[in-house]
Amino acid sequence: MAGLEDLYREIILDHYRSPRNRGELPVPPARKLEGFNPLCGDEIVLYLDVDDSTGTVSDLRIGGQGCSISQASSSMMGAAVRGKTVAEARQLIRAFKALMSIHESRLEGDGDGDDLAAELQGVKLGDLEALQGVVKFPVRIKCATLAWNTLAQGLDDDQLQSA
């Protein structure tokens, strides 16, 4: 198990040291969203461009500052959702948050996480699985999910605007 934890640590450090999708996009057409974790001071600035004609996340850029977990998670998220449909992006959000919750509930003895496992069915998380070790440190879960919650807010706002 130590070998797997070392691999996961290296993946997280790689995304932290060489983040993907960093930068800004012109606003508009992109939307600028901001997320903040008051517990530790992590900040995420997310530029989201959704192509209305195809319903895809055509571009996504990330800025901000924070700990290695929040920055690595935002880098992995950007790589995972770019080019996906809004529905696929929402599915990834649910799956990632389920991954965090399943492992947290197992650690806390609240169950085996089977109730959340359905969210993971058929979803390939790739590098994102490296973040599952974060749940051993519950205060860091908010670091890992900050970018995801910010993206979900942006997609929800887009849904309201197009309704």
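The values are calculated or read from the model by the stated rules, or taken from the named source; none is laboratory data. Since we're looking at a predicted model, the values are computed, not measured. Cβ atoms come from the backbone with ideal geometry, glycine included; neighbour counts cover every protein chain shown.
Checking each residue of the stretch 94-103 against the condition of being modelled with pLDDT under 90, buried (at least 19 other Cβ atoms within 10 Å of the Cβ), among the small types (Gly, Ala, Ser) and closer than 23 Å to Asn21 by Cα gives at least one match. Checked against (1) modelled with pLDDT under 95; (2) surrounded by 18 or more Cβ atoms within 10 Å (Cβ to Cβ), Gly3 meets all criteria but (2).
Within the stretch 24-71, being out of contact with any Phe, Trp or Tyr (no Cβ under 8 Å at 6 or more places or on another chain), in a loop (DSSP other than H, G, I, E, B), over 20 Å from Val134 (Cβ atoms) and in contact (Cβ under 8 Å) with a residue 12 or more places away in the chain holds for Pro29, Asp52, Thr54, Gly55.
For every residue, the table says whether it meets (1) at pLDDT below 60; (2) over 14 Å from the mean Cα position of the chain (by Cα).
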site	(1), (2)
Ser105	yes, yes
Asp114	yes, yes
Val135	no, yes
Pro138	no, yes
Thr145	no, no
Asn149	no, no
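Within the set Val45, Val81, Val50, the sole residue that is surrounded by 15 or more Cβ atoms within 10 Å (Cβ to Cβ) and at pLDDT 95 or above turns out to be Val45.
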